1. If you check Gly95, Gly65, which single one turns out to be at positive phi and assigned to a loop (DSSP other than H, G, I, E, B)?
2. Picking from Lys233, Lys203, which residue would you name as being within 18 Å of Glu121 (Cα to Cα), open to solvent by 40 Å² or more (accessible area, probe 1.4 Å) and more than 17 Å from the chain's Cα centre (by Cα)?
3. Select from segment 98-116 the residues that are surrounded by fewer than 23 Cβ atoms within 10 Å (Cβ to Cβ) and out of contact with any Leu (no Cβ under 7 Å at 6 or more places or on another chain) and list them in ascending order.
4. Among the numbered conditions (1) open to solvent by 10 Å² or more (accessible area, probe 1.4 Å); (2) out of contact with any Ser or Thr (no Cβ under 9 Å at 6 or more places or on another chain); (3) of a type in the set (A, V, I, L, M), tell me where Val32 comes up short.
5. Does Ser245 fit the bill of being under 17 Å from Leu337 (Cα atoms) and part of a strand (DSSP E or B)?
6. Specify which of the listed residues (Ala48, Ala41) is at pLDDT 95 or above and surrounded by fewer than 16 Cβ atoms within 10 Å (Cβ to Cβ).
7. Please count how many residues of segment 286-303 are open to solvent by 100 Å² or more (accessible area, probe 1.4 Å) and either touching a Phe, Trp or Tyr at 6+ places or on another chain (Cβ under 6 Å) or farther than 22 Å from Val187 by Cβ (or both).
8. Assess whether Lys267 counts as being of a type in the set (D, E, K, R), open to solvent by 40 Å² or more (accessible area, probe 1.4 Å) and either part of a helix (DSSP H, G or I) or modelled with pLDDT under 95 (or both).
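The values are calculated or read from the model by the stated rules, or taken from the named source; none is laboratory data. Since the model is a prediction, treat every value here as computed from it, not as a measurement. No Cβ is skipped: glycine too gets one built from the backbone with ideal geometry, and neighbour counts run over all protein chains shown. Note: areas computed on protein heavy atoms with side chains; ligands, DNA, RNA excluded. Shrake-Rupley method; radii C 1.70, N 1.55, O 1.52, S 1.80 Å.
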Amino acid sequence: MIEQKKYDLVVWGATGFTGQLVCEYLASNYNVNYDSDLRWAIAGRNQAKLENIRANLIKKNKGKGNLPVLIGDSHKVESLVEITAQTKVVLTTVGPYLHYGETLVSACITTGTHYCDITGEIPFIWNTIHKLHDSALKAKVKIVHSCGFDSIPSDLGCLFLQNHAIQSNGKPCTYVKLFVEKIKGGVSGGTVASMIAIIKRVKDKKIKKLLFNPFALYPEGTSPGPKQPWQKKTQWDKDMNCWTSPFIMAQFNSCIVRRSNALLNFKYNRDFLYEEVITLPNNKLAYFKGELKRISFKLLAGLLYFPFTRSILQITLLPKPGQGPSKNTRDKGFFRLKLIGKLNGEKFGAQVSCEKDPGYSGTAQMISEAALCLAIDDLKLPKIYGILTPASSMGTTLIDRLQNSGMNFSIISDF
């Protein structure tokens, strides 16, 4: 069924902030010509906006191109089935996924279409696992969550490091710690909307329990592993010889990495430990700056929890849906992550980096290459289906594709 589709790829949500960046990435690095090697289309609910996006892409391509436009509605499964039936892969940037994601996943399973998104929402992924994993498995469809900065660098970085450890020592590291060494970027209204969607549901005890469960995304029926490390305050790290602070995305990314381990038949072993932190500049005020940032984020989360203060922040300070960091801010963005693994007293190191804004230009690159990997490199991919992760669904094939597109995955010894 997959091979007979009209399109290789459809970008769902092409008029959104990140969706437009995805379209620009595909047009700049591939084409806007349906008749060429890559057959892709843009899709959403607003035809006028979609046609404007198409016109701008074709204009940048010196007036050449014939990019198709497809119209659908996130809440009407029939329209989504009509779209997904035409393509090998759907790439979606439409969040919050708790509101807009499940119907599209269901449509993809119905039509035998692979799917990838950029969600960082644990409750949404938990829902798809428990409701749709078996049907996706039966349909031989790959539903791949978290193909942006949430959580490709963490997930593929860990796989990259563990493959090196296994090749070097015959065994995986029993403990891996990711350090966010350098990072610079902006925030969009879509990211804020997703965060608010989760905060609103924290009152639900079931949701709250999921958010603080390190094995929340383990396959159903799989016994949880050992107690996982989770840094909750600023502290000194002996391995890096610097102060470190909690990383805002650590809980989510760690759940994805642990799900990958389970889906890969515990390639990293059942007693595997994983955590993430952010490093701080090595100066006298590092500890206090780290604690100030940590407390400030908790305060922001608290203000977003209450409807009155949340409304004030949305009106005055926070970016609205469709808004995001300027091109100048994105162009100056970058990230560099270091992973250190331990095995029987021996250390292994890897670095993942990108000279693009992590949450937007970098994420557009990552999800675009993930979607192309699913569409074009499918014969090279593991024969695993269901609700998956980047590492379990595409593994080293996606690492190679990302390397070729400008991201860096490298083994290091300077740690």
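1. When all the criteria are applied, what remains is Gly65.
2. So the residue among Lys233, Lys203 that is within 18 Å of Glu121 (Cα to Cα), open to solvent by 40 Å² or more (accessible area, probe 1.4 Å) and more than 17 Å from the chain's Cα centre (by Cα) is Lys203.
3. If the condition is that a residue be surrounded by fewer than 23 Cβ atoms within 10 Å (Cβ to Cβ) and out of contact with any Leu (no Cβ under 7 Å at 6 or more places or on another chain), then Leu98, His99, Tyr100, Glu102, Thr110, Thr111, Gly112 are the ones that fit.
4. Result: Val32 fails condition (1) only.
5. yes
6. Ala48
7. 1
8. No; evaluated as a whole, the condition is false for this residue.
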